[in-house]
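Participant: Below: one structure in structure tokens.
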Amino acid sequence: MIDRIAALGRGTLDVLMAIGRAGLFLVQSVFCLPSREGFYLWVRQMHFVGVMSVAIVLVSGLFIGMVLALQGYTILVGFGADEALGQMVALSLVRELAPVVAALLFAGRAGSALTAEIGLMKATEQLTSMEMIGVDPLRRIVAPRLWAGFVSLPILTVIFAVVGIWGGHLVGVDWLGVYNGSYWSNMQDSVDFVGDVLNGMVKSLVFGLVVTWIAVFQGYDLVPTSEGISRATTRTVVYASLAVLGLDFVLTALMFGDFG
């Protein structure tokens, strides 16, 4: 019994210490603003985590928009409200699916790659070598990647939503025969820029920061072995996905929940 209590206590302390290290790591990284040289590194990371993720976001957004239109039509037509299909597709994407699914895709593609890249640098002692010659790894390696993820995910979210709405149009209007004017007019009347679009962008900014933070911290804090890199990469995808889903509930409750 005592051994079990001791093991539970050690596990709890390990978790608290990891959270403390991660929090300190985030604060130090956020305040490492890019210099002129760092700006070039940031642009390179924007290409790596952002541009290289566009293809998977395009394909996923298209199919999710098409599925939304197909499923939504089967429900709405039963109530004679098929003209509201554009409204349903747009609100579902802008408020919820675009930020969340784009963040999950970002965690799986860019997040895992960032963890593996930084972890390999640590395993080959590149980070230690930088410290020995007076180069701050947080400023040169971590900060450009953190800021790149923070900026890239909102852009990917916009792409996801636009392509998803177009995919819904392909199915709803071109295939199922919903009137084109109704699809667009109901969407324009129902989607509010501040209440819907900006709230979705706030979600994507939070998700971008959290996912990238988890990814770079797992790479920076891992055990410098091949097995350590593998485990850290897995933890990145799992922790980031759970964080996105949990934060999505919290943010949705704050933005759209009516507690009165």
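The values are calculated or read from the model by the stated rules, or taken from the named source; none is laboratory data. Remember, it's a predicted structure, so these values are computed and weren't measured experimentally. Quick reminder, even Gly has a Cβ in these numbers, built from the backbone with ideal geometry, and neighbours come from all protein chains shown.
Participant: For the stretch 30-51, give me each residue that is modelled with pLDDT under 70 and surrounded by 10 or more Cβ atoms within 10 Å (Cβ to Cβ). Full working, then the answer.
Facilitator: As a first pass, look at the stretch 30-51 and keep what is modelled with pLDDT under 70: 33-38.
Result: Leu33, Pro34, Ser35, Glu37, Gly38.
Participant: For Arg145, all conditions in the list (1) touching a residue at least 12 places away in the same chain (Cβ under 8 Å); (2) surrounded by fewer than 18 Cβ atoms within 10 Å (Cβ to Cβ) hold save one; what is the number of the exception?
Facilitator: Unmet condition: (2).
Participant: On the given criteria, is Ile75 in contact with a helix residue (DSSP H, G or I) (Cβ under 8 Å, 6 or more places away or on another chain) and part of a helix (DSSP H, G or I)?
Facilitator: Details: in contact with a helix residue (DSSP H, G or I) (Cβ under 8 Å, 6 or more places away or on another chain): no; part of a helix (DSSP H, G or I): yes.
Considered against the rule, which asks whether it is in contact with a helix residue (DSSP H, G or I) (Cβ under 8 Å, 6 or more places away or on another chain) and part of a helix (DSSP H, G or I), Ile75 comes out as no.
Participant: Still on this structure, I have one more. What pairs come up if the first residue lies in the stretch 83-105 and is in a helix (DSSP H, G or I), the second is charged (D, E, K, R), and their beta carbons are under 7 Å apart, counting only those six or more places apart or on different chains?
Facilitator: Close Cβ pairs (under 7 Å, with a partner that is charged (D, E, K, R)) amount to Leu91/Asp196; Val94/Asp196; Arg95/Asp196; Pro99/Lys203; Val100/Asp248.
Conditions (1) surrounded by fewer than 24 Cβ atoms within 10 Å (Cβ to Cβ); (2) at pLDDT 90 or above, marked per residue:
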{"site": "Leu85", "(1), (2)": "no, no"}
{"site": "Leu93", "(1), (2)": "no, yes"}
{"site": "Pro99", "(1), (2)": "no, yes"}
{"site": "Leu104", "(1), (2)": "yes, yes"}
{"site": "Arg109", "(1), (2)": "yes, yes"}
{"site": "Glu125", "(1), (2)": "yes, no"}
{"site": "Ile133", "(1), (2)": "yes, no"}
{"site": "Pro137", "(1), (2)": "yes, no"}
{"site": "Phe150", "(1), (2)": "yes, yes"}
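Participant: I've got another one for you. Condition first: more than 27 Å from Met52 (Cβ to Cβ), touching a residue at least 60 places away in the same chain (Cβ under 8 Å) and not hydroxyl-bearing (Ser, Thr, Tyr). Can you find one or more residues in the stretch 131-140 that meet it?
Facilitator: In the first step, residues of the stretch 131-140 are kept if they are more than 27 Å from Met52 (Cβ to Cβ); the result is 131-134.
So of that shortlist, the ones also touching a residue at least 60 places away in the same chain (Cβ under 8 Å) come out as none.
No; the residues of the stretch 131-140 include none that is more than 27 Å from Met52 (Cβ to Cβ), touching a residue at least 60 places away in the same chain (Cβ under 8 Å) and not hydroxyl-bearing (Ser, Thr, Tyr).
Participant: Continuing with the same structure: Within the stretch 152-173, can one find any residue that is assigned to a helix (DSSP H, G or I) and modelled with pLDDT under 90? Before you say what the answer is, go through the steps one by one.
Facilitator: To start, the set of residues in the stretch 152-173 that are assigned to a helix (DSSP H, G or I) comprises 152-173.
Retained after the next criterion (residues that are modelled with pLDDT under 90): 172-173.
Yes, the conditions are met somewhere in the stretch 152-173.
Participant: Let me ask something else about it. Condition first: acidic (Asp, Glu) and out of contact with any helix residue (DSSP H, G or I) (no Cβ under 6 Å at 6 or more places or on another chain). Now tell me which residues in the stretch 165-218 satisfy that.
Facilitator: Pass one, the stretch 165-218, residues acidic (Asp, Glu): 174, 189, 192, 196.
Once the filter is applied, which keeps residues that are acidic (Asp, Glu) and out of contact with any helix residue (DSSP H, G or I) (no Cβ under 6 Å at 6 or more places or on another chain), the stretch 165-218 yields Asp174, Asp189, Asp192.
Participant: Among the aliphatic types (A, V, I, L, M), surrounded by fewer than 22 Cβ atoms within 10 Å (Cβ to Cβ) and in contact with a Lys or Arg (Cβ under 9 Å, 6 or more places away or on another chain), is that true of Met121? If you could, list the steps in order and put the result at the bottom.
Facilitator: Working: among the aliphatic types (A, V, I, L, M): yes; surrounded by fewer than 22 Cβ atoms within 10 Å (Cβ to Cβ): yes; in contact with a Lys or Arg (Cβ under 9 Å, 6 or more places away or on another chain): no.
The answer is no for Met121.
To keep it simple, each residue is scored yes or no on (1) farther than 16 Å from Ser53 by Cβ; (2) not charged (D, E, K, R).
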| position | (1), (2) |
| --- | --- |
| Gly65 | yes, yes |
| Thr74 | yes, yes |
| Gly80 | yes, yes |
| Gln87 | yes, yes |
| Leu91 | yes, yes |
| Glu96 | yes, no |
| Val100 | no, yes |
| Ala113 | no, yes |
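Participant: Scan the stretch 191-233 for residues that are closer than 30 Å to Ala253 by Cα, touching a residue at least 12 places away in the same chain (Cβ under 8 Å) and of a type in the set (Val, Ile, Thr) and jot them down.
Facilitator: Residues satisfying the conditions are Val191, Val197, Val202, Val206, Val210, Val211, Thr212, Ile214, Val216.
Participant: Among the residues of the stretch 171-208, how many are farther than 16 Å from Phe160 by Cβ and of a type in the set (D, E, K, R)?
Facilitator: Looking only at that region, the number is 3.
Participant: Picking from Val216, Val250, which residue would you name as being within 22 Å of the chain's Cα centre (by Cα), modelled with pLDDT under 95 and surrounded by 15 or more Cβ atoms within 10 Å (Cβ to Cβ)? Step through it out loud before you land on a result.
Facilitator: Working: Val250 fails: surrounded by 15 or more Cβ atoms within 10 Å (Cβ to Cβ).
Of Val216, Val250, the one residue that is within 22 Å of the chain's Cα centre (by Cα), modelled with pLDDT under 95 and surrounded by 15 or more Cβ atoms within 10 Å (Cβ to Cβ) is Val216.
Participant: Is at least one residue of the stretch 220-238 under 25 Å from the mean Cα position of the chain (by Cα), loosely packed, with under 13 Cβ neighbours inside 10 Å, at pLDDT below 90 and among the aromatic types (Phe, Trp, Tyr)?
Facilitator: No - not one qualifying residue is present in the stretch 220-238.
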